[in-house]
Structure formats: structure tokens, C-alpha cells
Amino acid sequence: MTWHLTSDVLLFEKTAGPFLQSSPVRHTVLLTVAAALRSRGPHVYGPSDPILGWWTGSDGEVSGALLQTPPHPLTLTEVPPEAVPAAASAFAARPLTAVNLLAADVPAFTEAWLARTGGSARPGRRTRLFRLSRLAEVSAPGAARVATGADRPLLLDWFGAFHDVIGEPSREIGPAVDDRLSYRGIVLWESAGTPVSMAAHTRPVSGMSRVQMVYTPPEHRRRGFAGAVTAAATRNALDAGAVDVVLFTDLVNPTSNALYPRLGYRPIEDRAVVELSS
């Protein structure tokens, strides 16, 4: 029973792919990140090589996976109980600053990390994964349209503002915007001819697409635009071939956690980030 680590994206997809594809909803992040690493290059998320891995049990079957694109957090799928402290041990000598895992696995990882490194750990962002059940009808003043290259200056500003709001450092925003524009993956909501809100979605992978980057400037909030553009982006993802559409919410944000169930999304699992130092 062990973790197998590699920087070879193709090997990771070949070996861990069937496990990840067995539950595309729960494995949304690893599937989309691995696909981006394959199609856009291993350094799309940063200058360091990615670290990818899979857990095999005594039967040799893959029953868990992980992925890190430094300096971003290490992300684990649901894994067997013994694989959680083993992941902490496997990364104890690496410059790891955070881990994202199931909320229930936080104590086991933290205990093992502190025992191996003598460092510190503190709670970070907590999120909830939602899956679309049945999309509800949403009304707001205006209409949706797919963003185009002409919207790029606005999108650069709004992508940066979104990262500021969630408190996460933004990587190169231009390539992120351009990639989404290339597959018509950004939707704008316009009111009186003015863009007032946006939402993006990932390319469908294994029939799954994730809505993300939902942002409304402060002056346009509390008018229903965020719900309307999220519903529009969801429809766009379905039209692009997605069977399952998912999204994450920040558990400390009561607005989004109330909004998305009204749109027809249902909770799947809770995750947590632990911020680490060694």
C-alpha cells in the first residue's frame, strides 16, 4: 500500500484515469487540472513541475489520487484512511504550503504532518461541492451572451477582482482568460447594454464541467445578476456537452450557499484547506 508520485501527466492519466473517471463529479478538480496540464503544458499553473500521484492498496488497485501544481495546494481525492497520513509523510520533505482534502480527513493529515515536520497547521478556506440536479428558471433584468475577444480587457479586470475577493493569488490572468475564450467558456450577463456579471465554466472532461469565476462588481450586486449568469453558464456547459455540471461554494459565504440550491444544485461533499509550514 503506497503512493506513487510522478510529474508525467500522460502516465498519471493512463494509471489513475479510470479511477478519476469513475466519479467525475467528485474528481472534478483533478480531471480538469490534469487535462489542462496535458493540453497547455506542464507549467501552465506555475514554473515548477506538477506532482501527481495515485494510491494502490494491497490488491494493487488504484483507490485514490492526488495532484499539486506548486505553489498551489496539494489536492487529494477521497482515499482509504491509511492513505491520508501516508500522503502527509510523502510530502513532508517538500515545500508544501497547503493541502485541500475532504473535511473529514483534516485531523489525520494534520496529525501526521505535525509529527513528521514539527511545523504548524491552521485552518484555511472551507468549501462545499455542489452538483446540478435540475436547473431552475431564473429571471433578472437583461440577458446572457457568450463573451468574445472584444471583452478581453473587461475580463482581465474581473478575473483579477475575483481572485482578490476570494483571497487567492492570481496566476497569469491573460492566458486563463484566453483559454476560456477559445472554447466559448465565459458568459456575461448584460443589463441595459452593459455587462454586469460573469461566470465561466471548464471544458467538459469525462462528461463533467465546473462553473467557476462567478463575479459581479459591487455596484451591480443584489439584483439577481449572479444567479442569472450562473444559470446561463450552466446552460452553456450543458450545450457544450457536459452531462454533469458542478461548482464549489465558500462555506463562510451565506449568499452563495443559499443561491445555488435555488438554481437546482445539490451538495455532494465538504472540503477544507489546511495551511502548513514546516
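Values in this text are rule-based calculations from the coordinates and carry no lab data. Keep in mind it's a predicted model, so treat the numbers as computed, not measured. Positions of Cβ are generated from backbone atoms using ideal geometry, with glycine treated the same way; all protein chains shown enter the neighbour counts.
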Checklist entry - Per-residue HN-Hα couplings for region 49-62, Karplus 6.51 cos²θ - 1.76 cosθ + 1.60 at θ = phi - 60°, whole Hz, x for Gly and Pro? => result 5, x, 10, 10, x, 9, 9, 10, x, 5, 8, x, 7, 6
Item to check | Residue order, fewest to most beta carbons within 10 Å, for 208, 198, 213, 1 | outcome: 1, 213, 208, 198
Item to check | Net charge over other residues, Cβ less than 15 angstrom from the Cβ of residue 46 (K, R count +1; D, E count -1) | outcome: 0
Checklist outcome for this item: Scattering profile of region 146-187 from the Debye formula, Cα beads only, expressed as log10 I(q)/I(0) at q = 0.15, 0.19, 0.24 Å⁻¹, is -0.32, -0.51, -0.78
Next on the checklist: Only Cα pairs within less than 10 Å get springs; with that Gaussian network setup on the chain, which residue of 254, 123, 204 has the largest fluctuation?
Outcome noted: 254
Checklist outcome for this item: The distance between the Cα centres of region 222-262 and region 90-137, in whole Å, is 24
Checklist outcome for this item: Across the alpha-carbon set of the chain, Rg over Rh with Rh taken as the Kirkwood radius works out to 0.97
Checklist entry - Any idea what Rg and Dmax come out to for region 15-160 if you just take the C-alpha atoms, in Å? => result 18.5, 58
Checklist outcome for this item: Unit-weight point scatterers at every alpha-carbon of region 132-268, Debye formula, q = 0.12, 0.13, 0.15, 0.17 1/Å: log10 I(q)/I(0) is -0.42, -0.50, -0.68, -0.90
Checklist entry - Can you give the longest stretch of the chain with no exposed loop site, where a site means trypsin sites (Lys or Arg not before Pro) in a DSSP loop (not H, G, I, E or B) with at most 10 other C-beta atoms within 10 Å? => result 1-133
Item to check | Least to most buried among 84, 165 (fewest other Cβ within 10 Å first) | outcome: 165, 84
